[in-house]
Amino acid sequence: MQTTFKTLLVGAILAIGTGTAIAADAVVGTWKLNLAKSTFSPGPAPKSQTRTYVESPQGMMVTVKTTAADGKESTTTLTLKDDGKPYPMSGNPDVDAVSAKRVDALTLNSTQTKAGVTVGTAVRTVSKDGKTLTFAQKGTHANGAKFDDVSVYDKQ
């Protein structure tokens, strides 16, 4: 009995000590748009954008604060899981729901919909060193204009 208890105790200490007990998603944190490394087609690029990711029991909470090229500020919010089911998004006139599927520890594919119709797809990738987030997105705005953007963010 004592041997079993000691084995379990040592295993628990090693798991906690090596950080394997709970592994946080690499995207968690605050990311600032690097305009010099990003491309927006057809544009224009926003003046600034910050993405914040927070883990919660309900899923990954995402907040995107943007200052558009014309100076207008907006905030988009979303809480989703990577289970392929649609989750509601607020603050974006082009999209009302997002579904996501994890590819690997650093990559997530997503589909954006408006009234149940697919309007865009995206691939979110965190670099192996955890310092860069790339969000490649293609789709159609509510006004019918197509876009193909690659937003690159630096970890704050």
Are any of the residues in region 47-70 surrounded by fewer than 15 Cβ atoms within 10 Å (Cβ to Cβ) and on the phi > 0 side of the Ramachandran plot?
no
Go through region 119-145 and count every residue that is modelled with pLDDT of 95 or more and either in contact with a strand residue (DSSP E or B) (Cβ under 6 Å, 6 or more places away or on another chain) or at positive phi (or both).
18
Output the strands (runs of 3 or more DSSP E) that fall wholly within region 78-156 and possess 3 or more residues being buried (at least 16 other Cβ atoms within 10 Å of the Cβ), out of contact with any Cys (no Cβ under 7 Å at 6 or more places or on another chain) and not small (G, A, S), or say none.
107-114, 117-126, 132-140, 146-155
Out of all the residues in region 43-63, is one or more assigned to a loop (DSSP other than H, G, I, E, B), of a type in the set (D, E, K, R) and either within 16 Å of the chain's Cα centre (by Cα) or within 20 Å of F147 (Cα to Cα) (or both)?
yes
How many residues does region 123-156 hold that are more than 19 Å from T30 (Cβ to Cβ) and out of contact with any Lys or Arg (no Cβ under 6 Å at 6 or more places or on another chain)?
15
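The values are calculated or read from the model by the stated rules, or taken from the named source; none is laboratory data. Keep in mind that this is a model prediction, so the values were computed, not measured. Don't worry about glycine lacking a Cβ; one is built from the backbone with ideal geometry, like all the others, and counts go over all protein chains shown.
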